[in-house]
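The values are calculated or read from the model by the stated rules, or taken from the named source; none is laboratory data. Note that the structure is predicted; figures quoted are calculated from it, not measured. Cβ atoms come from the backbone with ideal geometry, glycine included; neighbour counts cover every protein chain shown. Protein only, heavy atoms only, side chains kept; ligands, DNA and RNA dropped before computing areas. Shrake-Rupley method; radii C 1.70, N 1.55, O 1.52, S 1.80 Å.
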Amino acid sequence: MILKLQNKTENIDLKSIQNQIEKIENEVRNFIILLEHEIGRNEEIVRLLLGWKIFYSPIVINTEILFIGINPGGGDAGNPFQYYNEEHETLEYIDDKHNKYILATNTKKIFNRIDKLKLLENAVKMNTKFYATVGVEEMKVFEDFLYKYHRELYNQLLINNKKWTKVLIEIINPKNIICEGKSAFDFMDDLYDDGDNWIKTLDYDTNKYCGNFQRKSDGMNLFGYTRRIGLSDEKLLNYIAPELLKILD
């Protein structure tokens, strides 16, 4: 893995952080082994899975921005029971070898619109779920299958998704979390459901395109936007961009 510090003057034990992240990676690998043992012969379900992966960027501790999607998309076709520990020198969205897809293009577009493109150089990208599928519908079919026929495994996966995501966020310690889509935003809202410690500064359900919570204890923002329509439509982009700028200034 590639570990970096947002501020190189900080006195942080990177070896200890590496050990913590490797512990999560080993837990993911162990769960994959269990999953393959239980469902490996079901070709109809197995073909929905395209592999497992956590990071799409360097791991930058105390980063200004952590992007979180719902799960890896169809660009990660591979062995359904393989954990891919690819190292990234930079955020995939600004890496010309890997950014030939709409989300990368649109992310650069909105950050360019608010004159914050440079922030992407030290941004981190991961997902709330580490198993790749072509799309959200395939992800739901896989999860529904586990719910119906492997309930204990399904429950364990739900617990792991939340635990792994929260532990990694605590390790990375971002100033701002940007949720890519309403599903990711709702997942994170549920993950950090600790009552009075959050202030709703922008209501996603009211305006339909973006929302934000700010944590009282440290000022961390939990921002989300409609990534497909919102970043592709110029009118909506002009609405979302100023709201994003508010949390980054």
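Stokes-Einstein diffusion for segment 190-249, with the hydrodynamic radius set to the Kirkwood value over Cα pairs and evaluated at 20 °C in a medium of 1.002 mPa s, equals 176 µm²/s.
Remark: accessible surface ordering of Y84, Y93 (largest first) is Y84, Y93, probe radius 1.4 Å. From the cross-link list K162/K235; K15/K216; K116/K163; K100/K148; K108/K182, which pairs have alpha carbons spaced over 26 Å apart? From K162/K235; K15/K216; K116/K163; K100/K148; K108/K182, over 26 Å: K162/K235; K15/K216; K116/K163; K100/K148. Rounded to the nearest 10 square angstrom, R151 shows an accessible area of 110 square angstrom against a 1.4 Å probe.
Heavy-atom accessible area, probed at 1.4 angstrom with all protein chains present, ranks K108, K216 as K216, K108, highest first. Projected over every direction and averaged, the convex hull enclosing the alpha-carbon atoms of segment 62-170 yields 7.8 nm². Per-residue extension of 0.36 nm, minus the Cα-Cα distance of L3 and E170, leaves a gain of 58.6 nm for this segment. Based on the convex hull around the alpha carbon atoms, segment 143-249 presents an average projected area of 8.0 nm². Work out the P(r) tail for segment 166-208: percent of alpha carbon pairs separated by more than 17 Å, whole number. Tail of the P(r) past 17 Å holds 36 percent of the pairs.
Computed across the chain, the Kirkwood radius stands at 18.7 Å (inverse of mean 1/r, all Cα pairs).
Annotation for E22 and H98: the two label points, set 7 Å from Cα along the Cα-Cβ direction, are 2.1 nm apart.
Heavy atoms of the protein chains alone define the surface here; on that basis the chain has 50 Å² accessible area per residue at 1.4 Å probe size.
For segment 1-42, the fraction of C-alpha pairs farther apart than 15 angstrom is 58 percent. I need the Kirkwood Rh of segment 1-147: take the reciprocal of the average 1/r across all distinct C-alpha pairs and report it in angstrom. Its Kirkwood hydrodynamic radius stands at 16.6 Å. Converting phi to 3J(HN,Hα) with the Karplus coefficients 6.51, -1.76 and 1.60 and the offset θ = phi - 60°, segment 97-106 yields 7, 10, 9, 8, 8, 5, 4, 5, 4, 5 Hz in sequence order, with x at every glycine or proline.
The angle between the Cα long axis of helix 136-149 and the longest principal axis of the Cα atoms of the chain comes to about 40 degrees, rounded to the nearest 10. Against the criterion of solvent-accessible heavy-atom surface with a 1.4 angstrom probe, E87, E243, E234 sort, most first, into E87, E234, E243. Split the accessible area of the chain by element, probe 1.4 Å, and carbon with sulfur accounts for 47%. Pairs from the table (K23/K246; K4/K118; K4/K246) lying more than 24 angstrom apart at Cα are K23/K246; K4/K246. Placing a label point 7 Å from the Cα of D196 along the Cα-to-Cβ line, the residues of segment 202-225 whose backbone N sits under 19 Å from it are 214-220. Does anyone have the angle between helix 182-191 and the longest principal axis of the chain? Alpha-carbon axes, 0 to 90°, nearest 10? Approximately 80 degrees, to the nearest 10.
Distances over 22 Å make up what percent of all Cα-Cα pairs in segment 116-190?
31
Set against the 2.2 N^0.38 Å expectation for a compact globular protein, segment 1-79 has a Cα radius of gyration ratio of 1.40.
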